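Here is the structure we will look at, set down as structure tokens.
The values are calculated or read from the model by the stated rules, or taken from the named source; none is laboratory data. What you see is a predicted model; the values in this text were computed from it and never measured. In this analysis, Cβ positions are derived from the backbone assuming ideal geometry, glycine residues included, and neighbour counts consider all displayed protein chains. We work out accessible area using only protein heavy atoms, side chains counted, and drop any ligands, DNA or RNA first. Shrake-Rupley method; radii C 1.70, N 1.55, O 1.52, S 1.80 Å.
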Amino acid sequence: MHIHRLEKIWLTFGITMLAVFLGVVGVGAFANGMQPPGEHRHTVDPETVLKTEPFNNPGLRKIGDNEYEAYMVAFAFGYSPEKMEIPAGATVHFHITSPDVIHGFEIVGTNVNMMVIPGEINHLTYKFAKPGEYLVLCNEYCGAAHEMMATTIIVK
Ligand SMILES: [Cu+2]
């Protein structure tokens with residue numbers, strides 16, 4: 001079988017890149033200990049999210065010295081609680097879920113960015129070092145008023 005010279009070059013390139021990518025994933029998984037999310041998997045029945053503790057009473061709870069837990073619900077088309085005031089320097093453990101469809105939870109300008117899936121409780125921790133107004137946006141298209149879906153976290 002005759003293979004054109006340029007095709008051989010492309011095949012070599014493709015197979016080399018496959019080896020490189022597998023190497024990157026392999027080093028990440030086995031040498032650096034990276035894992036896909038799912039180790040701490042928590043679920044809630046999406047039908048009864050709004051009746052289930054603690055999502056029936058969303059909001060901030062103080063759990064330590066300048067440390068808080070924020071239980072939040074993302075719904076079409078907003079977040080509950082709508083506004084939260086957090087002292088500067090506070091560490092906040094966000095726990096969020098959805099009773100209806102998939103939403104996003106992104107705090108603009110930070111590395112907080114979660115997918116909010118009905119029936120799953122997603123969580124992330126963030127330390128609000130600087131005071132200011134932090135815009136929270138839904139970054140998963142969720143329906144007609146998706147672009148209106150936002151809230152603000154006030155840090156002072
Ligand atoms: Cu949305």
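When nucleic acids and ligands are ignored and a 1.4 Å probe is applied, HIS42 ends up with an accessible area of around 90 Å².
Placing unit charges on the Cβ atoms only, positive for Lys and Arg and negative for Asp and Glu, gives segment 90-156 a dipole magnitude near 380 debye about its Cα centre. Rounded to the nearest 5, the antiparallel percentage of DSSP beta bridges internal to the chain is 70%. What percentage of all Cα-Cα pairs in segment 97-156 are separated by more than 20 Å? When all Cα pairs of segment 97-156 are counted, 26 percent exceed 20 Å. Think of the chain as having a plus end and a minus end, set by charges on the Cβ of Lys, Arg, Asp and Glu; of LEU22, VAL108, MET72, LEU22 sits farthest toward the positive end of this dipole. Under the convention that each Lys and Arg Cβ holds +1 and each Asp and Glu Cβ holds -1, the size of the dipole of segment 2-107 around its Cα centre is about 520 debye. Per residue, the Cα convex hull of the chain amounts to 200 Å³. Rounded to 0.05, the FRET efficiency of the PHE21 and ALA88 pair, given R0 = 35 Å and the Cβ-Cβ distance, is 0.25.
Between ILE154 and LYS127, residue separation times 0.36 nm minus the direct Cα-Cα distance comes to 8.4 nm.
Nonpolar atom fraction for segment 60-102, defined as the carbon and sulfur part of the 1.4 Å probe accessible area, stands at 50 percent.
For the chain, find the longest principal axis of its Cα atoms and tell me its angle to the long axis of helix 5-26, 0 to 90°, nearest 10. Roughly 40 degrees, rounded to the nearest 10.
Rolling a 1.4 angstrom probe over the protein heavy atoms with all chains in place gives segment 109-156 an accessible area of 56 Å² per residue.
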